[in-house]
Amino acid sequence: MKLVAVYWTDTCGNDDRTWLTMCEVKEITACPMVTVGYLISDEGGYLLMAGTKSVTSVDDAYGNVNAIPLTCVKEVVELCDNKPCRNNSVEKI
């Protein structure tokens, strides 16, 4: 299981108010995000990631699990000791 940083774009909106002016509507944009965690799977049209994993294989427990649609992913960077690995380049999706 690889430790990765996934750069992706999330949807954003405004739930603070019921009514917005056209000027306010046009200011709403998608949100650039980064998720760091263990890459569990890249099948089924999304990246399945866990931010937390048990240390022992006996527990086999995972937390903060997210499915990020591949269409939202900009790049995936494999991490080694919290920094990019020397021998691995950025994987563009």
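Each reported figure results from applying straightforward, stated rules to the coordinates on display, with no laboratory input. Because the structure is predicted, anything quoted here is derived from the model rather than measured. Please note: Cβ atoms are built from the backbone with ideal geometry, for glycine as well, and neighbour counts cover all protein chains shown.
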Seminar exercise, completed: Sorted by chain and then number, the residues having a modelled amide H within less than 5 Å of the amide H of TYR46, at least 5 places away or on another chain, are LEU70
For this session: List, in order, the whole-Hz ³J(HN,Hα) value for each residue of the stretch 38-49 obtained from phi through the Karplus relation with A = 6.51, B = -1.76, C = 1.60 and θ = phi - 60°; use x for Gly and Pro.
Result: 8, 7, 8, 7, 10, 9, x, x, 8, 9, 9, 10
Seminar exercise, completed: With Cα springs under 10 Å, the Gaussian network model of the chain assigns the largest mean-square fluctuation among THR18, THR35, THR52 to THR18
Problem set entry | Lys pairs, the chain - Cα-Cα below 26 angstrom, 8 or more residues apart or on other chains | 11
Problem set entry | Taking the stretch 11-71 and dividing mean pair separation by its residue count, relative contact order in percent (alpha carbons under 8 Å, at least six apart) | 24 percent
For this session: Grab every C-alpha pair in the chain, bin the distances at 10 angstrom width from 0 up to the longest one, and report whole percents.
Result: 15, 38, 26, 15, 6, 1
Exercise. Most mobile of LEU48, LEU20, LEU70 per a Gaussian network model of the chain (Cα springs, under 10 Å)?
Worked result: LEU20
Exercise. Got a sec to turn the phi values of the stretch 11-16 into Karplus ³J(HN,Hα) couplings, 6.51 cos²θ - 1.76 cosθ + 1.60 with θ = phi - 60°, whole Hz, x for Gly and Pro?
Worked result: 6, 9, x, 10, 9, 6
Seminar exercise, completed: For GLU75, other-chain or 5+-apart residues with amide H closer than 5 Å (H placed, Pro excluded) are TYR7
Exercise. In nm, to one decimal, how far is the GLU78 label point from the VAL36 one, both placed 7 Å along Cα→Cβ?
Worked result: 1.8 nm
Exercise. Using 0.36 nm per residue, how much length does the chain from LYS2 to ASP60 gain when fully extended, once their Cα-Cα distance is taken away?
Worked result: 19.3 nm
